[in-house]
Amino acid sequence: MSQGDKDKYTDKQKRKAEHIEDGYEKRGVSHDEAERRAWATVNKQDGGGRKGGSGDSA
């Protein structure tokens, strides 16, 4: 992945981003731009990675 550590994301969010990225690439968007847009979409829809709960040091 080009930027940032994606460890805080759930497997479902990672799969969603990959699917979105593939869709952008099929429409002719470069890989880097498709990846950026995909993660921006996941962040907007899901509010980012895992949230630290009570007692969670995330």
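Taking Cβ atoms as reference points and 11 Å as the exclusive limit, the residues near Ala34 contribute a net charge of -3, counting Lys and Arg as +1 and Asp and Glu as -1.
Straight distance only, please: which aspartates and glutamates reach the Cα of Lys6 with their own Cα at less than 19 Å, same-chain residues fewer than 8 apart left out? Here the aspartates and glutamates satisfying the reach criterion relative to Lys6 are Glu18, Glu21, Asp22, Asp32, Glu33, Glu35, Asp46, Asp56.
Only the coordinates and a few stated rules stand behind these numbers; no lab work does. It should be emphasised that the depicted structure is a prediction, and the values quoted were computed from it without experimental measurement. All Cβ positions, even for glycine, are placed from backbone atoms using ideal geometry, and neighbour counts span all protein chains on display.
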